[in-house]
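Q: Please find one structure pasted underneath; my questions will follow.
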Amino acid sequence: MTPPPRLVPQAGPSVWTGAALTPADWMLPIGAEAVADLEAALVTLAGRLPHGPADAPLPQFGPVLRMVADRLEHGRGFVLLRGLDLDRLAGPATEAALLLLGAHLGTALPQDEAGALVGRLAGPGAATEAPLRFHADPADAVALLCLRQPREGGQVTLVSAPALHNALLKSDRAALAALHAGLPHRGGGSPLSIPVFSTASGSFVGRYDRDALDEPALQAAQLAALAALDAAAAVPGQALSLALHAGDILFLNPHLVWKQVVAGAAPAPEEGARELLRLWLATPGSRALPESFGAVFGTTAAGAPRGGVALTGGMVGG
C-alpha cells in the first residue's frame, strides 16, 4: 500500500501572491535592437519553420530568452515581455515570430489532432460569475502573444500553484491530502488517477484541469477538496490579473503557475475583439513529472519532448 504523501510547505521564488508583486518582478522590456534582431532572423528563415536556435540565431534577443527560460523553471514561473512592435510583424510574420521565439526555448507542441502548432484565442466572451477555476495546459511552457486588446474588459489571471499548496496546508490539510492522493481523470478506459499537487525527483509539480476530471467518479471528499482549492485561489490578493497590451508576450510554466483567460464583454463597435496567439512548448530544462502524468504527457522524464495533443493516428507530443 502506498504511504500517504508527506505534506510540507513549499519554498522559493515560485511561491508568490499577486498582492506582493510589482511589475518589476515579472516584466522584461524588449529593446529596439532585440526587435530588429527578430526581424532579421525571420528574413533568414524565409518562411521556413525553425527547428532550433541554430536555424536562426538571435544574438540580441537570445540573452533575453535565456533569462525567460531560467525564470520559468527556477524563478516565479512566469515572465511578460513588453515592447514587440506588431506593425513591423503583421500577418503571417506574427505567427512566424512566435514560433521562432519558441524554438529558442524548446519544441513547439501540437494543439489539436491535426498538428496545429499555434492556437488562436479570440473574444468577445461573456464575463462569468462562476468561481475562479484555473487551468494547466499540457506543456512545460506556454506563450501567449497579444495581438489585440480592447480598452475595457479581458484579462489573464495567474496564480502560483505552490502558494495555493501552502495556503491549504494552513487552512485545510484534509483537502490538501486529497489533492495529493490523486483525482479521477477521464481516460480511454477506466478513470486515471492524477494528483493536483505532487513532487517528482524532489521538485514540486502542480496540475489542475477541471475539464479533464471524471466528475461522476469524484467522491464527496474530493469535491470538497476542489471547492477548497477554488476558494483559496479566489482569496483577494492571491492571484495576479494582467491586462495585456498588443505586442505583449506572456510566458508561464504550467507546472508552477496556472492561468485563467477571460475575454470580457463585447468591445465597442469601433474596437476589435481581444485576440491572442498561443504556443505550447516542451523545454529542455524541464523538471521530471510523476509517473501518473504519462497519460497526459506521453513521457515524464526531465527535459524530454512531451505534452501537447495526440495527433490523429499518432502519439502524444511532438
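The values are calculated or read from the model by the stated rules, or taken from the named source; none is laboratory data. Just so it is clear, the structure is predicted and the values come from calculations on it, not from any experiment. Here the Cβ is made from the backbone with ideal geometry for all residues, glycine too, and neighbour counts use every protein chain on show.
For every residue, the table says whether it meets (1) at pLDDT below 95; (2) aliphatic (A, V, I, L, M); (3) over 20 Å from the mean Cα position of the chain (by Cα).
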residue: Ala263; (1), (2), (3): yes, yes, no
residue: Ala268; (1), (2), (3): yes, yes, yes
residue: Gly272; (1), (2), (3): yes, no, yes
residue: Leu276; (1), (2), (3): yes, yes, no
residue: Pro284; (1), (2), (3): no, no, no
residue: Ser292; (1), (2), (3): yes, no, no
residue: Val296; (1), (2), (3): yes, yes, no
residue: Thr300; (1), (2), (3): no, no, no
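Q: Can you spot a residue in the stretch 40-54 that is among the polar types (S, T, N, Q) and surrounded by 15 or more Cβ atoms within 10 Å (Cβ to Cβ)? Can you show your working first?
A: Initially, the stretch 40-54 is screened for residues among the polar types (S, T, N, Q), giving 44.
Pick out the ones that are also surrounded by 15 or more Cβ atoms within 10 Å (Cβ to Cβ) and you get none.
No, there is no match, as no residue in the stretch 40-54 is among the polar types (S, T, N, Q) and surrounded by 15 or more Cβ atoms within 10 Å (Cβ to Cβ).
Q: Still on this structure, please answer the following. From the set of residues in the stretch 46-77 that are of a type in the set (A, V, I, L, M) and part of a loop (DSSP other than H, G, I, E, B), which is farthest from Ala116 (Cα to Cα)?
A: Leu58
Q: With the requirement that a residue be over 23 Å from Ser171 (Cβ atoms) and surrounded by fewer than 16 Cβ atoms within 10 Å (Cβ to Cβ), what does the stretch 209-226 give you?
A: Asp211, Asp214, Glu215, Pro216, Ala217
Q: What is the one condition in (1) out of contact with any helix residue (DSSP H, G or I) (no Cβ under 6 Å at 6 or more places or on another chain); (2) farther than 26 Å from Gly106 by Cβ that Asp55 does not satisfy?
A: Result: Asp55 passes all but (2).
Q: Looking only at the stretch 153-202, which residues are within 18 Å of the chain's Cα centre (by Cα), outside any loop (DSSP other than H, G, I, E, B) and among the small types (Gly, Ala, Ser)?
A: Ser160, Ala161, Ala163, Ser198 - these are the residues of the stretch 153-202 that are within 18 Å of the chain's Cα centre (by Cα), outside any loop (DSSP other than H, G, I, E, B) and among the small types (Gly, Ala, Ser).
Q: Go through the stretch 203-233 residue by residue and tally those that are farther than 26 Å from Ala288 by Cβ and within 16 Å of the chain's Cα centre (by Cα).
A: Result for the stretch 203-233: 0.
Q: Would you check which residues across the stretch 78-88 are more than 30 Å from Ala20 (Cβ to Cβ) and outside any helix (DSSP H, G or I) and list them?
A: Here is the first cut: in the stretch 78-88, the ones more than 30 Å from Ala20 (Cβ to Cβ) are 85-88.
Result: Asp85, single match.
Q: Between residues in the stretch 71-89 that are in contact (Cβ under 8 Å) with a residue 24 or more places away in the chain and under 22 Å from Glu39 (Cα atoms) and residues that are of a type in the set (Val, Ile, Thr) and not in a helix (DSSP H, G or I), which pairs lie under 6 Å by C-beta distance while being six or more apart or on different chains?
A: That search, which allows pairs on different chains as well, returns Leu81/Ile30; Leu81/Ile249; Gly83/Ile30; Leu84/Ile30.
Q: Shifting gears a bit: Please determine, by comparing only the residues of the stretch 89-104 that are aliphatic (A, V, I, L, M) and part of a helix (DSSP H, G or I), which one is farthest from Leu252 (Cα to Cα). Walk me through how you get there before you give the answer.
A: So the first thing to find is which residues in the stretch 89-104 are aliphatic (A, V, I, L, M), and the list is 89-90, 93, 96-101, 103.
With the extra rule that they be part of a helix (DSSP H, G or I), the set shrinks to 93, 96-101, 103.
Values: Ala93: 23, Ala96: 20, Ala97: 18, Leu98: 14, Leu99: 16, Leu100: 17, Leu101: 14, Ala103: 16 Å.
The extreme case among them is Ala93.
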